[in-house]
2 protein chains.
Amino acid sequence: MLVRDTESVPSQTMTMPGAVGVTMKLLVGRADGAPTFAMRQFTVEPTGHTPLHQHNYEHEVLIVEGAGVLHTSADGSGDKAIKAGDALLIPANQLHQFHNVSGAPLKFVCLVPVKFDCGGGECKPTPGS
Amino acid sequence: MLVRDTESVPSQTMTMPGAVGVTMKLLVGRADGAPTFAMRQFTVEPTGHTPLHQHNYEHEVLIVEGAGVLHTSADGSGDKAIKAGDALLIPANQLHQFHNVSGAPLKFVCLVPVKFDCGGGECKPTPGS
């Protein structure tokens, strides 16, 4: 039975190409014995963004604090405004990018199938999975 | 690509035995095409509580607002204080009960494997799963 204060979790700076001003905290993951999915919290600083990318697994997201734009293409078509209290499902193989266009941090939890719980680097499945 | 304002989601009153003052909003579930896990938001009113129960699947929880106690036994041994910003992993087959001992609502998101996304009633897996 794990109860973990997010304030106690160290932040990792996301270094993957296309990430600017993004840190990540792994709240619940494989090392905790999570069998199905992993919970990560991301903070995007003002003007920062995650990579515009896609992958073969879904995200479920809850915006916890702040506001921004979810880009779903390189040309801005399909942009969606996002704000605290929004729940998102980003299906597998769909382009997505979180962009903080506000003056305050954008914070969200993002859950993935646990075999793709890969921290702040490139996402690779667990060896053998 | 789903962006859903939690304020727009209707609340369902939890009617299962042992639930008092608990409502649920299904934020992302099977009907949305979620392939692996489902996201629900629960609100527990002051003095209210979820059932003290257990089941053969895990919960991952983020406390969004308020504070309370997580009971893990009938006699109160193992009680854990919980507050906004805490992330929880409740493994399969472990007793648990969320109890709001504060004067303000306790709000949390609780994720489950999608085949157990069962809304406010008794949890049963999807037929055939």
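Structure data summary
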{"quantity": "Residues with amide H under 5 Å from that of A:PHE37, placed H, sequence gap 5 or more", "calculated": "A:VAL114"}
{"quantity": "Cα-projected label distance for A:HIS55 with B:LYS83, points at 7 Å along beta-carbon direction, nm", "calculated": "3.3"}
{"quantity": "The protein assembly as shown - Rg (one decimal) and Dmax (whole number), Cα, Å", "calculated": "17.8, 59"}
{"quantity": "J(HN,Hα) series, the stretch A:47-57, from Karplus relation 6.51 cos²θ - 1.76 cosθ + 1.60, nearest Hz, glycine and proline x", "calculated": "6, x, 7, 7, x, 7, 8, 8, 7, 8, 8"}
{"quantity": "Additional length obtainable on full extension of the chain from A:VAL3 to A:ALA74, 0.36 nm per residue less Cα span", "calculated": "21.6 nm"}
{"quantity": "Ordering of B:15-24, A:69-78 by packing [mean C-beta count within 10 Å, highest first]", "calculated": "B:15-24, A:69-78"}
{"quantity": "Long-range HN-HN contacts of B:ASP79 with modeled amide H, under 5 Å", "calculated": "B:THR72"}
{"quantity": "Protein accessible surface hidden between A and B, which excludes ligands and nucleic acids, total in Å², probe 1.4 Å", "calculated": "3200"}
{"quantity": "Cα shape, the stretch A:1-43, gyration tensor, a/c 1.5 rule", "calculated": "oblate"}
{"quantity": "Three-way shape label, the stretch B:48-109, alpha-carbon gyration tensor, a/c 1.5", "calculated": "oblate"}
{"quantity": "Probe 1.4 Å, accessible area per residue of chain B, Å²", "calculated": "41"}
{"quantity": "Prolate/oblate/rounded label for the stretch A:40-84 (Cα gyration tensor, a/c 1.5)", "calculated": "oblate"}
{"quantity": "Geometric extent, Cα atoms of chain B - Rg, Dmax (angstrom)", "calculated": "14.0, 45"}
{"quantity": "Fraction of accessible area attributable to carbon and sulfur, chain A (%, probe 1.4 Å)", "calculated": "54"}
{"quantity": "Rounded to whole Hz, the Karplus (6.51, -1.76, 1.60) HN-Hα couplings of the stretch B:80-97, x for glycine and proline", "calculated": "10, 6, 10, 8, 3, x, 7, 10, 10, 10, 10, x, 4, 6, 10, 4, 7, 7"}
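The values are calculated or read from the model by the stated rules, or taken from the named source; none is laboratory data. Everything quoted here is computed from the prediction, not taken from an experiment. Here Cβ is always computed from backbone atoms with ideal geometry, including for glycine, and neighbour counts include all displayed protein chains. Ligands, DNA and RNA are excluded from the accessible area calculation, which covers all protein heavy atoms including side chains. Shrake-Rupley method; radii C 1.70, N 1.55, O 1.52, S 1.80 Å.
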